[in-house]
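These notes are about the structure you will find just below.
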Amino acid sequence: MYYRYVKTTLATCLAVCTLLGNGVMAEAKTAASVLPAAGIGLSLEEGSSLKDIQKEVAADYTQSNETKEKKEIVEPTNVTYTKEEVQQAVEKKEFSSLVIAQVHDYVNVRSMPSEEGEIVGKLYDKSVGTFLEEENGWYKIHSGNCEGYVKGEFCVTGEDAVELAKKVGTRIATVNTTTLKVREEASMEASVLGLVPIEEQLVVTEELDGWVKVDIEEGFGYVSTEFVNLSTEFVKAESKAEEEARLKKEAEERRLAQAAANKSAKKSSKKSGTSITASATGSAEGQAVANYGLQFVGNPYVYGGSSLTNGTDCSGFVMSVYKNFGVSLPHSSAADRKVGYDVGGLDNAQPGDIVCYSGHVALYIGNGQIVHASTSKTGIIVSNANYRNILAVRRIF
């Protein structure tokens with residue numbers, strides 16, 4: 001019954017999303033803008049069931065002698081579905097109505113289905129919107145705070161979108177308990193691999209019955225779905241107003257960070273009697289941050305701590321290092337993914353940049369390396385930056 005439901009749901013949604021694209025137009029652009037760090041989350045509230053969905057689209061198709069389709073309504077049964085099964089069914093239904101950009105950088109979102117339309121936003125590569133309607137090869141979409149038309153030739157929808165969504169979407173487990181115990185196996189009796197604080201966001205690599213496999217600094221472990229909220233994150237479109245606000249915010253953050261660094265440099269020069277010249281690019285300040293962090297290699301890791309000498313966790317380490325330069329950062333690796341501005345990956349990283357991982361954060365020191373408060377076994381160490389999958393690289397200076 002469950003699989004027949006999913007098949008029927010997808011068939012119904014796919015019928016709406018038929019590709020009708022015409023010739024390729026020069027609508028997909030290449031630019032140096034940074035992909036915005038925002039996402040669309042699809043999640044299921046506790047207590048939901050398939051009952052409403054079944055009433056909406058549960059059907060069974062059979063072929064008559066005249067090759068006509070005959071719809072047979074299937075009434076909801078008393079079958080009980082797990083939260084995970086309901087979640088999967090809902091997401092499959094949602095994915096079939098998505099429009100996903102496949103371009104080098106972004107495709108313009110316009111006010112009307114024409115290249116003459118005003119640009120109201122940008123749908124970046126692998127970004128996602130919800131299909132509303134199709135007109136002359138253009139898809140009207142809603143994504144984030146942006147609504148308008150994108151050239152269908154540069155997007156994927158229907159069955160292709162369902163498959164692509166699984167690849168471009170990031171499955172996230174957000175901790176909803178004060179201290180989450182990540183276990184070595186999917187069992188409450190298994191040994192504890194590591195601890196994760198409330199509201200931390202972990203990347204899910206596998207879903208089991210009542211458990212998910214997540215990526216943390218100590219390695220891959222398992223957590224009960226009772227203690228996390230699951231969602232799928234996609235990058236969304238950025239409206240013209242949001243882009244302008246982001247660029248303004250980034251410029252202001254750079255100005256404030258530069259002022260804080262200059263103030264810190266003056267204090268240091270007075271104490272040492274040497275002169276420190278700030279770089280216009282901010283690289284001098286970033287290098288100073290990296291050098292300062294390296295002084296504490298070998299000191300202990302302490303969960304929830306923020307002392308660079310007596311013990312700190314990963315986000316406490318980054319927070320305390322930047323505090324020395326007059327910059328206030330949150331004590332959360334998930335929140336660190338939103339500070340400063342995105343530089344577009346490790347290839348563009350400079351010393352002092354914040355490198356974000358699933359449930360972990362570090363400081364880039366150059367030459368492909370990071371300094372970070374790793375685990376209780378290793379303490380503060382230097383590692384290769386690409387030792388784990390990088391979610392974002394953020395720059396303060």
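Laid out as a table, the results:
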quantity: Neighbourhood charge, 12 Å Cβ-Cβ cut-off, centred on GLU135 and excluding it, Lys, Arg +1 and Asp, Glu -1; calculated: +1
quantity: Net charge of Cβ neighbours under 12 Å - reference PRO351; Lys, Arg +1; Asp, Glu -1; calculated: -1
quantity: Bins of 5 Å, starting at 0 and running to the largest distance - Cα pair percent for region 311-397; calculated: 3, 17, 30, 29, 17, 4, 0
quantity: Dimensionless Rg ratio for region 98-200, taking C-alpha atoms and the 2.2 N^0.38 Å reference; calculated: 1.53
quantity: Estimated Rh, region 309-362: Kirkwood, alpha-carbon pairs, angstrom; calculated: 11.6 Å
quantity: Exposure of LEU391 as accessible area (Å², to 10), given a probe of 1.4 Å and all protein chains; calculated: 60 Å²
quantity: D (Stokes-Einstein, µm²/s), Kirkwood Cα radius, region 149-270, 0.692 mPa s at 37 °C; calculated: 180 µm²/s
quantity: FRET efficiency, 1/(1 + (r/R0)^6) with R0 35 Å, evaluated for SER114 and THR205 via beta carbons; calculated: 0.20
quantity: FRET efficiency estimate (nearest 0.05) - Cβ-Cβ, HIS104 to ASN136, R0 25 angstrom; calculated: 0.55
quantity: Region 339-397: relative contact order as a whole-number percent, Cα under 8 Å and 6+ apart; calculated: 44 percent
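The values are calculated or read from the model by the stated rules, or taken from the named source; none is laboratory data. Computed from a predicted structure; not experimentally measured. Glycine gets a Cβ as well: all are built from the backbone with ideal geometry, and neighbour counts include every protein chain shown. We work out accessible area using only protein heavy atoms, side chains counted, and drop any ligands, DNA or RNA first. Shrake-Rupley method; radii C 1.70, N 1.55, O 1.52, S 1.80 Å.
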